[in-house]
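Accompanying notes for the structure given below.
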Amino acid sequence: MVSTAVLVAVGDELLSGIRREGNCARLARALHDAGWRVLRVEIVPDDLPCIVEALTRWVGKTDLLVLSGGLGPTHDDKTRYAIAEYLGCGLAVDDALYERELSRYRGASLEKPIERSRSTQGLIPVDSLGLYNPAGSALGIYFERLGTKVWSFPGVPFEFAAMAAQEIFPLLSKTTRTWRSVGIVGVPESLAAQRVADVIADERLRISILPSFGLVEFVIRGEQALVESAVRVTRERFKDDVLPEGCATLPEAVLVTGREKGLTLSCAESCTGGLVGAALTGVPGSSAVFMGSAVTYSDEAKKKLLGVKQALLDEHGAVSGPCAESMARGVLALYETSFSVAITGIAGPDGGSTEKPAGTVWFAVAWWNGDEMKSYSFVRRFEGERDLVRERAVRVALITVWRRMRERL
């Protein structure tokens, strides 16, 4: 049977959007990778009855329950009190364990503040166990009831991560269950699902379809042999549109393909402001393929850095096919790469016109054909707010480069 887990983050700041929840998300990925099934990831407020209700609802219904947050020394840290109420017991300071925590701070400036927090951060429900915190001073809490193992860790991200590594990761033993991801470019979600309908219908597998702009990702889970077979079938049916083996993102696909073919890449960006370069350099080892990006937001920058002619700008404007091709050719020569991609457009919300409304983006690719430089351009018009236009422009640029690298024009 598949082991199950529920993760609960505690904090008003998470519900208000002041802080983004990350502890449970990262632990969920680790559990998923180890073959566990995460039933829920929840956020509850700094409210004692709400925390008790979460405990009551999930204890006895999952193998593992992990709480993040609410163990600090302030008035809004209520998790320890909620656990004590749920267990129907009192609280007591675990002096021996807290001394172990305090010993790390002896002689340091934090020794006295941490000592003053003993009466709260060292407080543990008497029917539970205190847990050593290797990265902070608030003790964690553990208990087991109705077949559910319950851990409660501080919500400070580096403390949560350290305690999860100490307490949870040893449980994530190797399993015969696994998961794989297959990325498909340029195929609508409905059509993609139809093409592998028999794979999706296999009740022995659990398949998620994750669509995004220009990309559909199949996440296939199950017994290892079944997953590997499903991946082979899926990749074969999308052989012209499937990302390289092991690649879950377009930047990874561009870099893997570039390395395999011995190609290099440079970028010239206007409306995207360096986002293509940032996406590529977010992947380790990108320097083997990606040589650099020229962010030429103004016309002057386009002229000075990339050699775009004023006459071209006067005749066609900065948001045009000729300008995009001139940018692509200029950056290709500047970095002496195999390929280049250029983007110039109107991300909005202002700056558009009847002929070139906000969301109009021109793209160009340039490459060497022997000693001759080749290029072509095309236009897309995106709907949505500024950030969405820029995000989609990056996606189109990466898709275009990946396809051209595969074809090696």
Only one of L27, L91, L48 is touching a Lys or Arg at 6+ places or on another chain (Cβ under 6 Å), closer than 20 Å to L139 by Cβ and not polar (S, T, N, Q); which? L48
Which residues, taken from the stretch 29-52, are under 17 Å from T148 (Cβ atoms) and within 18 Å of the chain's Cα centre (by Cα)? L31, V38, V41
Among the candidates T56, T79, single out the residue that is modelled with pLDDT of 95 or more, touching a helix residue (DSSP H, G or I) at 6+ places or on another chain (Cβ under 8 Å) and surrounded by fewer than 16 Cβ atoms within 10 Å (Cβ to Cβ). T56
Does T272 qualify as being in a helix (DSSP H, G or I) and polar (S, T, N, Q)? no
The stretch 172-203, subset in a loop (DSSP other than H, G, I, E, B) and closer than 28 Å to K149 by Cβ, residue modelled with the highest pLDDT: L172
Restricting attention to the stretch 282-333, and to residues there that are β-branched (V, I, T) and closer than 24 Å to P251 by Cα, which single residue is surrounded by the most Cβ atoms within 10 Å (Cβ to Cβ)? V331
Residue under question is G147, and the condition is that it be touching a residue at least 12 places away in the same chain (Cβ under 8 Å) and not aromatic (F, W, Y); does it hold? yes
Would the stretch 6-29 turn up any residue that is surrounded by 17 or more Cβ atoms within 10 Å (Cβ to Cβ), in a helix (DSSP H, G or I), in contact with a helix residue (DSSP H, G or I) (Cβ under 9 Å, 6 or more places away or on another chain) and aliphatic (A, V, I, L, M)? yes
Selected residue [more than 14 Å from R145 (Cβ to Cβ), in the same structural domain as W36 (by TED's automatic domain parsing) and out of contact with any Cys (no Cβ under 6 Å at 6 or more places or on another chain)] from L65, L55, L91: L91
For the stretch 391-409, pairs from a residue that is in a helix (DSSP H, G or I) to a residue that is surrounded by fewer than 19 Cβ atoms within 10 Å (Cβ to Cβ) and basic (K, R), with Cβ under 8 Å and 6 or more apart or across chains, are R392/R380; A393/R380; V396/R380; M405/K261
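The values are calculated or read from the model by the stated rules, or taken from the named source; none is laboratory data. Please read all numbers here as calculations on a predicted model, not as lab measurements. Here Cβ is always computed from backbone atoms with ideal geometry, including for glycine, and neighbour counts include all displayed protein chains.
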